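Participant: Supplied in structure tokens, the structure appears directly below.
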Amino acid sequence: MITHDLLDAYESVKGEYDKLPWGKKPDEQLWESVDALLLDLHLIKHGYATDGYEKHIEKELKRLCADESVITRIRTLQL
């Protein structure tokens with residue numbers, strides 16, 4: 001699950017997984033999910049996604065994020 005702790009780590013290194021201290025690295029697959037969601041949300045925001053794809057991303061956010069506050073935070077995350 002994507003949590004606030006994961007997003008704290010993500011923001012602390014501006015999304016650069018390799019800059020995290022050794023032994024403090026979260027699951028790389030989740031990290032990549034945050035990357036992908038941020039890109040998808042950017043595309044949606046700027047009108048490059050279809051309605052169907054937008055609905056798919058909404059489902060992914062609900063599936064991957066711990067709760068609504070994490071979803072809100074991802075939506076407002078700026079690096």
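The values are calculated or read from the model by the stated rules, or taken from the named source; none is laboratory data. Nothing here was measured: the structure is a model prediction, and the numbers come from that model. A quick note on method: Cβ atoms are made from the backbone with ideal geometry, for glycine too, and the neighbour counts reach across all protein chains shown. Side chains are part of the model used for accessible areas, which takes the heavy atoms of the whole protein and leaves out ligands, DNA and RNA. Shrake-Rupley method; radii C 1.70, N 1.55, O 1.52, S 1.80 Å.
Participant: Keeping all protein chains in place and using 1.4 angstrom, which order do 69, 33, 12 fall into by accessible surface area, from largest down?
Facilitator: 12, 69, 33
Participant: Suppose only helical runs count, i.e. DSSP H with n ≥ 4. What mean residue ellipticity at 222 nm does that imply for the chain under -39500 (n - 2.57) per run, divided by all residues and rounded to the nearest 500 deg cm²/dmol?
Facilitator: -20000 deg cm²/dmol
Participant: What ranking of 73, 63 comes out by heavy-atom accessible area, probe 1.4 Å, highest first?
Facilitator: Heavy-atom accessible area, descending, gives 63, 73.
Participant: Here's a follow-up. What whole-number value in cubic angstrom gives the convex hull volume per residue for the C-alpha atoms of the chain?
Facilitator: Measuring per residue, one finds 83 Å³ for the Cα hull of the chain.
Participant: Still on this structure, I have one more. Express the relative contact order of the chain as a whole percentage, based on alpha carbon pairs under 8 Å and six or more residues apart in sequence.
Facilitator: 43
Participant: Net charge near residue 28, counting Lys/Arg +1 and Asp/Glu -1 over other residues with Cβ under 12 Å of its Cβ?
Facilitator: Charge balance in the 12 Å sphere: -3.
Participant: Considering only protein heavy atoms, with the full assembly of protein chains and a 1.4 angstrom probe, order 42, 4 by accessible area, largest first.
Facilitator: 42, 4
Participant: Whole number in Å², please: accessible area per residue of the chain, 1.4 Å probe, ligands, DNA and RNA not counted.
Facilitator: 69
Participant: Only four residue types carry charge here, +1 at the Cβ of Lys and Arg and -1 at the Cβ of Asp and Glu. Report the dipole size of the chain about the Cα centre in Debye, rounded to the nearest 20.
Facilitator: For this selection, approximately 100 debye.
Participant: With every protein chain present, what accessible area does residue 71 have (1.4 Å probe, heavy atoms only), rounded to the nearest 10 Å²?
Facilitator: 10
Participant: Within region 7-79, what whole-number % of the accessible surface is contributed by carbon and sulfur, with the 1.4 Å probe and all protein chains included in the calculation?
Facilitator: Ligands and nucleic acids excluded, carbon and sulfur give 50 percent.
Participant: If amide hydrogens are placed 1.01 Å from N in the peptide plane, which non-local residues have theirs closer than 5 Å to the one on residue 65?
Facilitator: Result for residue 65 returns 2.
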